[in-house]
Amino acid sequence: MNENESEIIKTDTDVIVKPGRNIVASMAGEFREELQQLVQEGPEEIIIDMSGIEMVDSVGIGVMIAVHNSLTKHGGKLRIKNADDNILSLFSTMRLDRHFAIEGAQ
């Protein structure tokens, strides 16, 4: 695994994705491809573990919305977990929590 790839943990029904770096424009194309590939595998849920992530920019949010929309078409769900307070606040302000589950850091 190179340093630009996310850590991916697959279970029978779900996939946990740990990007391990800020979700910003410079990595968004690659991250979108990783997630879209996972969507094609038909998981019930993709969980993005935000541990260690301090920043998500507008391009990163766009990737998450696109993945949410793709998953919904396939009958799946997106969940964000371990988001820090700033990211939690941003997602809440943008009302993204109405579209997919967002959990703060444990």
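Computed from the coordinates by the stated procedures, all read-outs in this text should not be read as laboratory data. Note that the structure is a prediction, hence the values are computed from the model and not measured. Positions of Cβ are backbone-derived with ideal geometry, glycine not excepted, and every protein chain shown enters the neighbour counts.
Quick notes on this one:
- Any hit, the range 44-60, residues being over 23 Å from Thr93 (Cα atoms) and among the β-branched types (Val, Ile, Thr): no
- For the range 75-106, a tally of residues being surrounded by 15 or more Cβ atoms within 10 Å (Cβ to Cβ), part of a strand (DSSP E or B) and of a type in the set (Gly, Ala, Ser) returns 1.
- Residue check, Ile87 out of contact with any helix residue (DSSP H, G or I) (no Cβ under 7 Å at 6 or more places or on another chain), touching a residue at least 12 places away in the same chain (Cβ under 8 Å) and more than 15 Å from Asn22 (Cα to Cα): no
- Hey, Val59 closer than 20 Å to Glu5 by Cα and surrounded by 18 or more Cβ atoms within 10 Å (Cβ to Cβ) or not: no
- Restricting Ala28, Ala66 to those that are touching a Gly at 6+ places or on another chain (Cβ under 8 Å) and of a type in the set (A, V, I, L, M) reduces the list to Ala28.
- Of the listed requirements (1) part of a helix (DSSP H, G or I); (2) of a type outside the set (Phe, Trp, Tyr); (3) surrounded by 13 or more Cβ atoms within 10 Å (Cβ to Cβ), Ile53 misses just one: (1).
- For the range 7-18, the criterion of being among the polar types (S, T, N, Q) and surrounded by 14 or more Cβ atoms within 10 Å (Cβ to Cβ) is satisfied by no residue at all.
- Verdict on Ile46 being touching an Asp or Glu at 6+ places or on another chain (Cβ under 9 Å) and hydrophobic (A, V, I, L, M, F, W, C): yes
- Once the range 23-43 is narrowed to residues that are in a loop (DSSP other than H, G, I, E, B) and either among the aromatic types (Phe, Trp, Tyr) or touching an Asp or Glu at 6+ places or on another chain (Cβ under 6 Å) (or both), the residue that is surrounded by the most Cβ atoms within 10 Å (Cβ to Cβ) is Pro43.
- For the condition exposed (fewer than 14 other Cβ atoms within 10 Å of the Cβ) and small (Gly, Ala, Ser), Ser70 does not qualify.
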